[in-house]
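What follows is a short report on a single structure.
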Amino acid sequence: MVDSSLYAAFFAAALLLCVSPGPDMMFIVAMGGRGGPRTGVLAAVGVACGALLHVFAAMLGLSALFLAFPTLYYALRWAGAAYLLYLAVKTFRDKAPLDGEEGRAGSPAPSRWRAFGQGMLTNVLNPKVILFNVAFLPQFVRPALGHVPVQFLILGLTMVLIGLTIDTSVGLLSGRLAALLRRSRRFARGLNIFSGTIFSGLAVRLLAAPK
């Protein structure tokens, strides 16, 4: 149902794309650094679920709406940037209490399921991912083989699984490193500043990227 030679080329290209640091990976590093290994892993799973929704949208042809109606693209772009800025403000205001300390002022580190939801929403609200699927996946689809939606699904699932494998490893490693150093109040506060800076940078990148 999928051309084997094209699939091999797609797998190699998808692997290179997923290994290259990008917004999703930086988001996962920030979440793992703030909440620990499991939080980083769940953030990666959330990102993967968001990517899966994009795959289904591309398979059903919904992504083409962004090409026909640019206003939808800009609306989602601004919504995604606003959400990232919201995360940045919350992170900058976090007082980062040490492990075992009772409630101090400020926001606690993100819960694991909140990290999952934030990862999914951040990915879903990134119109660049939608347009990427529209431009990238069709290059490896052979209409002559039939079952075009199924080919889209196979390719999309492959990319999501590759990304999930790499991103969960990144989330786990960043979380473990942060857990070892979190007992230092100064380092814990530095992690929040680092994470907030990442969220702010991703928002600016989303708005400033070429149309």
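The values are calculated or read from the model by the stated rules, or taken from the named source; none is laboratory data. What you see is a predicted model, and the numbers here were worked out from it, not measured in a lab. We place every Cβ from the backbone using ideal geometry, glycine too, and count neighbours over all the protein chains shown. Note: areas computed on protein heavy atoms with side chains; ligands, DNA, RNA excluded. Shrake-Rupley method; radii C 1.70, N 1.55, O 1.52, S 1.80 Å.
Some points to look at:
- In this structure the amide hydrogen of Val2, modeled in the peptide plane, comes within under 5 Å of no amide hydrogen from residues 5 or more places off or on another chain.
- The calculated FRET efficiency for Ser111 paired with Ser5, based on their beta-carbon distance and R0 = 45 Å, is about 0.50.
- You can think of it this way: the chain between Phe56 and Ala82 has 6.9 nm of extra reach, that is 0.36 nm per residue less the Cα-Cα gap.
- Rolled with a 1.4 Å probe across the full set of protein chains, the surface gives Arg114 an accessible area near 120 Å².
- Taking θ as phi - 60° and the Karplus parameters 6.51, -1.76 and 1.60, the scalar couplings of region 126-132 work out to 9, x, 4, 5, 4, 5, 4 Hz in sequence order, x denoting glycine and proline.
- Using 0.36 nm per residue and subtracting the Cα-Cα separation, the extra length available between Leu177 and Leu17 on full extension is 55.1 nm.
- Computed FRET value (nearest 0.05) for Thr165 with Arg38, which takes r as the C-beta separation and R₀ as 22 Å: 0.85
- Annotation: extensible slack from Ile193 through Val89 equals 36.4 nm (criterion: 0.36 nm per residue apart, minus Cα-Cα distance).
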